[in-house]
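Taking it in order: structure first as structure tokens, then the write-up.
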Amino acid sequence: MSDHDAQITVIGPDTSIKGEMSFERTARILGHFEGRVTTPGELQVGASAHCKAALEAGTVIVDGQIEGDVLARERVQLNGTAKVIGDIVAERLIVSEGASFSGHCRVGPEAVAAAAKPKPAVAIAQPKPLAPAPLPEPKAATGPKFDWVGQPMTTDAAAKTGWGPVHRQPAEGAA
């Protein structure tokens, strides 16, 4: 094996990274990572590691914690101290006694092929703005008028009481 094939990228235990990382070969995470990791090679999540990330690799070996989905084209290996919360898709899955896994799991070549297919874009229809409903036109009052106790009022009665459609005339002598 040449020195080039034995290269491993290590994210140390005192390191915290947010973002997206990609590796050409093997990577070992011993610290904290949040985001997305992709590699065609092997991804190792050490016992001290905590990943809140989507992981995609040829092989994923877990001793630490992962909160996120894992896609492995070849194999996922959950060792005794592994804790995974998320979905796993892999051609092969190895789970050691003591490992913890909470999520959905699809295993086999067909599962990997289905997960690797790009999903069609879904067009989201934009809602049309709602126009306010027009207010109804006010209708002219027709029919008989009523006084404050509900009695029909004639124009003469309205003039005498001051109630109704005819307004009272000012008293004599008032200017």
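Name the residues in region 30-55 that are in a strand (DSSP E or B) and small (Gly, Ala, Ser), would you? Walk me through how you get there before you give the answer.
We begin by selecting, within region 30-55, every residue in a strand (DSSP E or B); these are 32-38, 42-45, 50-55.
Gly35, Ala53, Ala54 - these are the residues of region 30-55 that are in a strand (DSSP E or B) and small (Gly, Ala, Ser).
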Which one of the conditions (1) within 16 Å of Lys83 (Cα to Cα); (2) in contact with a Ser or Thr (Cβ under 9 Å, 6 or more places away or on another chain); (3) surrounded by fewer than 16 Cβ atoms within 10 Å (Cβ to Cβ) does Glu24 fail to meet, given that it meets all the rest? (1)
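Look through Val62, Val70 and report the one residue that is under 28 Å from the mean Cα position of the chain (by Cα), surrounded by 20 or more Cβ atoms within 10 Å (Cβ to Cβ) and more than 20 Å from Glu110 (Cα to Cα). Break it down stepwise before answering.
Numbers: Val70 fails: more than 20 Å from Glu110 (Cα to Cα).
Step by step, each of Val62, Val70 is checked, and only Val62 is under 28 Å from the mean Cα position of the chain (by Cα), surrounded by 20 or more Cβ atoms within 10 Å (Cβ to Cβ) and more than 20 Å from Glu110 (Cα to Cα).
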Could you tell me whether Gly80 is modelled with pLDDT of 95 or more and farther than 23 Å from Ala111 by Cα? yes
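For the structure I just gave you, tell me whether Arg28 is of a type outside the set (A, V, I, L, M), closer than 14 Å to Ile11 by Cβ and modelled with pLDDT of 95 or more. Before the answer, list the steps.
Working: of a type outside the set (A, V, I, L, M): yes; closer than 14 Å to Ile11 by Cβ: yes; modelled with pLDDT of 95 or more: yes.
Answer is yes for this residue.
The values are calculated or read from the model by the stated rules, or taken from the named source; none is laboratory data. The shown structure was predicted, so the numbers you read here are calculated from the model rather than taken from an experiment. In this analysis, Cβ positions are derived from the backbone assuming ideal geometry, glycine residues included, and neighbour counts consider all displayed protein chains.
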